[in-house]
Amino acid sequence: MTVRLSEKLEFIYQDILKRNPGEQEFHQAVREVLETIGPVLVKYPELAEQKIIERICEPERQIIFRVPWMDDKGEIHINRAFRVQFNSALGPYKGGMRFHPSVYLGIIKFLGFEQIFKNALTGMPIGGGKGGSDFDPKGRSDAEIMRFCQSLMTELYRHLGEYTDVPAGDIGVGGREVGYLFGQYKRLTNRYESGILTGKGIHYGGSRARTEATGYGAVFFAEEMLKVRQDSLEGKIGLVSGSGNVAIYAIEKCQQLGAKVVACSDSSGVIYDEQGIDLALLKEIKEVRRERLSAYAQARPQARFTKEGNIWQVPCDFALPCATQNELNGKDAQTLVNNGCKLISEGANMPCTPEAIRIFLEAKVAYGPGKAANAGGVATSALEMQQNASRDSWSFNHTEQRLHEIMRNIHKDCYETAAEFGDPGNYVVGANICGFLKVSRAMLSMGLI
Ligand code: GLU
């Protein structure tokens, strides 16, 4: 049940399949963009003549390297790490590092590809890139995490720079890891270059509100989608999958705006708490104790923990997928629609499968794709770069206001672009076309690059 592509786009897609074998997630991300940009090529034929799509789909540079490290028992481990520097038409490569056993080149390329358009949508001067490793941080001590980060940076440092490539966090990489990475960069180069990494601690050059930004941003985007429908989050019941940084701060912002989030999850299972998630407890378990979610139910007897449960079966008014790619399939989407869910805003990258997206769009659910809805994280990273460049440090309120303004603008751009290209209310079309045009125009101006 896929959308047919024009002959030209199908040809490009087939070539991408051939040139990037086995990289399923990358194929999925590319196809989603190709399915929506047909009308752009009709309006601007020079983009096809100049082979902008073919150029955008080929990373500018891909780095793959070995990361050897020693565990606490003295055993040696070898991991593989990646940095895909995808597109620098709008600024230095920007995008997080992901540490997860599922990481391989196809995952990093899908993330890097999406990052190009996401970063363009923020309106900030940042290109698109992504990196990561198949390292599994689960159960590792602080000392092991530190040794791994130091070994990874011992290779990565030569590829970074304030004007070249600026990594940050993603799944498995938070403040602790960014700290270890920054410390090693500083030792290797003998330079205090704040601008080479974002997501730093606020006591050494990080930005206030960066930790909160992705989750807050996804909720601000949801609020904007509801506003055009003369509705709001006040009094609504929501689900937030995941329980990492994005999920925690999405729940926080939902609560501040008067909604009740009744469920969240991790890879071990789902928590259902009819009275609303106890945020202080969730933070304590996940941020301080770094424990599994089952500990939540132990501390709060009215909450129910379902091992390996499916969060999307819980009835709700809105859902924020904030865990990982392809976590919500067609069947889940149908269940959500049948249960009356009216809004999806993606805190994670590509959490809904293509079939799920089709079901949401057909049912006229307000569907905010990750490229737009979760851009608040990287946008605030760009604000961190701005503070670092001017050796300044802004207040939480000021930074949050800037984030809010950026999310409102992204929503407006996507909404208006969808209408302009004949598909009002379709934020997939709006986000893809708007992001694509911003990058394409810059590339066209720079000649054959
Ligand atoms: N990993 C985040 C994302 O998917 C943030 C990237 C950044 O801050 O550079 O956008």
Item to complete: Return the percentage of antiparallel bridges among DSSP beta bridges fully within the chain, rounded to the nearest 5 %.
Response: 55
Worksheet, complete the sentence: CD proxy, 222 nm, the chain: helix-only mean residue ellipticity via -39,500 (n - 2.57) per DSSP H run with n ≥ 4, per residue, nearest 500, stands at -14500 deg cm²/dmol
Worksheet item: Taking every DSSP beta bridge that has both residues in the range 208-359, what percent is antiparallel when rounded to the nearest 5?
Response: 45
Practice prompt. Write down the Kirkwood hydrodynamic radius of the range 1-112, to one decimal in angstroms, obtained as one divided by the mean of 1/r over all alpha carbon pairs.
Written response: 16.2
Discussion item. So the label point goes 7 Å from the Cα of SER395 along Cα→C-beta, right? Which residues of the range 170-208 then have their backbone N under 15 Å from it?
Written reply: 208
Item to complete: Mean Kyte-Doolittle of at least 1.0 plus a Cα span of 24 Å or more along the axis: flag which DSSP H helices in the chain meet both, please.
Response: 427-445
Worksheet, complete the sentence: Largest fluctuation, HIS203, HIS27, HIS100 only, Gaussian network model of the chain with Cα springs under 10 angstrom, belongs to HIS203
Worksheet item: Fully extended, how many nm does the chain gain between GLU46 and ASN329 (0.36 nm per residue separation, minus their Cα-Cα distance)?
Response: 98.2 nm
Practice prompt. On a C-alpha basis, how far is the centre of the range 269-335 from the centre of the range 390-415 in Å? Whole number, if you could?
Written response: 29
Fill in: Cα gyration tensor shape of the range 94-193, rounded if a/c is under 1.5, else prolate or oblate by comparing a/b with b/c
oblate
Discussion item. Going 7 Å from the Cα of ARG191 along its beta-carbon direction, which residues of the range 91-124 have the amide nitrogen within less than 20 Å of the resulting point?
Written reply: 91-95
Worksheet entry | Distance in nm between pseudo-label sites at GLN62 and GLU10 (7 Å out along the Cβ direction from Cα) | 2.6
Practice prompt. Can you tell me how much longer the chain between LEU279 and THR154 gets when fully stretched, taken as 0.36 nm per residue apart minus their C-alpha distance, in nm with one decimal?
Written response: 41.2 nm
Worksheet item: Which of TYR415, PRO351, LEU361 sits closest to the plus end of the dipole of the range 290-449, meaning its Cα is farthest towards the positive end, when Lys and Arg get +1 and Asp and Glu get -1 on the C-beta?
Response: PRO351
Item to complete: Work out the FRET efficiency for ILE202 and GLU420 from their Cβ-Cβ distance, taking R0 = 41 Å, and round it to the nearest 0.05.
Response: 0.55
Worksheet item: Taking every eigenvalue of the Cα gyration tensor of the range 291-438, multiplying by 5 and rooting it, what semi-axes result, largest first, whole Å?
Response: 29, 25, 12
Fill in: Most fluctuating residue given options THR164, THR189, THR198, as computed from a GNM of the chain linking Cα atoms under 10 Å
THR189
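What is the percent carbon and sulfur in the accessible area of the range 230-343, measuring with a 1.4 Å probe over the protein chains and ignoring ligands? Present the calculation step by step, with values, prior to reporting the outcome.
On the way: 2290 of 5050 Å².
That share works out to 45 percent.
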Worksheet entry | Unit charges at the beta carbon, dipole of the chain: most positive-side option, SER267, LEU105, PHE11 | LEU105
Practice prompt. Rounding to the nearest 20 debye, state how big the charge dipole of the range 198-337 is about its Cα centre with +1 on each Lys and Arg Cβ and -1 on each Asp and Glu Cβ.
Written response: 320
Worksheet item: If you keep only loop residues by DSSP, which GluC sites (Glu not before Pro) in the range 307-354 have at most 15 other Cβ atoms within 10 Å of their Cβ?
Response: GLU308
Response to the item:
Evaluated at 37 °C and 0.692 mPa s, the Stokes-Einstein D of the chain based on the Kirkwood radius over Cα pairs, in µm²/s, stands at 149
Worksheet entry | Charge dipole magnitude, Cβ of K and R +1, D and E -1 - the chain, Cα centre, debye nearest 20 | 660
Discussion item. Let's test the formula: R0 of 35 Å, r as the Cβ-Cβ distance of ASP231 and SER102. What FRET efficiency results, to the nearest 0.05?
Written reply: 0.45
Fill in: Cα gyration tensor category, rounded, prolate or oblate, for the range 396-449 with a/c compared to 1.5
oblate
Practice prompt. Pull up the DSSP beta bridges for the range 1-149 and report the antiparallel fraction as a percent, rounded to 5.
Written response: 85
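The values are calculated or read from the model by the stated rules, or taken from the named source; none is laboratory data. Since the structure is predicted, the reported quantities are computational estimates derived from the model, not experimental observations. Ideal geometry is used to build each Cβ from the backbone, glycine not excepted, and the neighbour counts take in all protein chains shown. In case anyone asks, the SASA skips ligands and DNA or RNA and just uses the protein heavy atoms, side chains included. Shrake-Rupley method; radii C 1.70, N 1.55, O 1.52, S 1.80 Å.
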